[in-house]
Amino acid sequence: MANSQNAWVAQSIDGGVMHRGPLGTPLPGAAVETAPSAALKDQGTCAQDGLSIGITRTSNTVKDFDGADFIDIQTEYNGEFKIKLLEFDLEDVKRTSFGDANVTFTPANGTHGNRYHVAHNPDQLPLSTFLFRTKYGKKRKNFEIAIGRVTEVAEFKLESGDATGLELTVKAFRNPATGNFVDEYGDDGALVPGPLNVTVVATGAWRFGVGGQLSAPLTATSTNSEVKTAIEAIAGVTGTVNVTGSTAGTYSVSLSDGGTVSVDGAATLS
């Protein structure tokens, strides 16, 4: 059955999608919700048509004596990413597009503003580490290239009717540590409630509540075991319930699966 929760509509995180750093820069891996290393430089805003991801796999088919397909032999595998960057004058965009060694920036002083120089030459751009980050609501999706290179740079036209930008093609190469060309990580953002610890102080008759459902009546003299049994009997309570406490009427309650807790009657939570 169709489920729209499985859809993906990519959006940028803090405006940026592509990050580049020196070869060997650590990548987030499965921790897709964490901010990237400061060494992975944000390449700024990308154009509306976004990020294109191409994973190419081609093969040739070997035929048998009767002309029937016998087996296929893979002849090509590669990964290429294309992205259009709009912040044309961002220093890190220029370094990524034209080479770190080919870009020089001079700070402003009393006689001129911030200046830059780009040496356009045929030197191959350096191998680098790349990270592409996207989101959709609470969902997160990262694509990581441990070893990659910008292999093509296509400029937008310089014109009054459009913003100038750069279209980059990033080619991925095999990571010798994992054998992978690209690593994709995702998180749907659907969190499972974690452990919950609360203290209950009771002076008379009271009930413990989880998710709006109340336990059987308890008193300030109820034992830890009695409180534990009462909580475990509440509809919807799952996981492990632990109740400790050495002072009469004071209970430390731990719920391994969490939940929204409350007390009713002559008791307070802390």
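A compact table of results
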| quantity | calculated |
| --- | --- |
| Residue match in the stretch 89-103 (condition: farther than 13 Å from Arg133 by Cβ, in contact with a helix residue (DSSP H, G or I) (Cβ under 9 Å, 6 or more places away or on another chain) and of a type in the set (S, T, N, Q)) | yes |
| Whichever residue in the stretch 1-48 is surrounded by fewer than 16 Cβ atoms within 10 Å (Cβ to Cβ), in contact with a Ser or Thr (Cβ under 9 Å, 6 or more places away or on another chain) and under 18 Å from Thr129 (Cα atoms) and, among such residues, is modelled with the lowest pLDDT | Ser37 |
| Selection status of Leu51, over 14 Å from the mean Cα position of the chain (by Cα), under 21 Å from Asn180 (Cα atoms), aliphatic (A, V, I, L, M) and surrounded by 10 or more Cβ atoms within 10 Å (Cβ to Cβ) | yes |
| Strands (runs of 3 or more DSSP E) completely within the stretch 63-140 that count 3 or more residues being open to solvent by 70 Å² or more (accessible area, probe 1.4 Å) and free of Cβ contacts under 8 Å to residues at least 60 places away in the same chain | 69-85, 115-118 |
| Complete set of residues in the stretch 155-173 that are open to solvent by less than 80 Å² (accessible area, probe 1.4 Å) and out of contact with any Lys or Arg (no Cβ under 9 Å at 6 or more places or on another chain) | Gly161, Ala163 |
| Residue list for the stretch 231-260, restricted to those being β-branched (Val, Ile, Thr) and assigned to a loop (DSSP other than H, G, I, E, B) | Ile234, Val237, Thr238, Thr240, Thr247, Thr260 |
| Residue pairs meeting the criteria (Cβ under 8 Å; at least 6 apart or on separate chains; first of a type in the set (A, V, I, L, M), in the stretch 174-186; second open to solvent by less than 80 Å² (accessible area, probe 1.4 Å)) | Ala177/Ala146; Val182/Gly79; Val182/Phe143; Val182/Glu144; Val182/Ile145; Val182/Ala172 |
| Residue that is least open to solvent (accessible area, probe 1.4 Å) [pool: residues in the stretch 176-192 that are of a type in the set (A, V, I, L, M, F, W, C) and over 23 Å from Tyr77 (Cα atoms)] | Ala190 |
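The values are calculated or read from the model by the stated rules, or taken from the named source; none is laboratory data. None of the values given here were measured: they were computed from a predicted structure. Because the Cβ atoms are built from the backbone with ideal geometry, glycine has one as well, and the counts that use them run over all protein chains shown. Just so you know, the surface numbers come from the protein's heavy atoms only, side chains and all, with ligands and any DNA or RNA stripped out. Shrake-Rupley method; radii C 1.70, N 1.55, O 1.52, S 1.80 Å.
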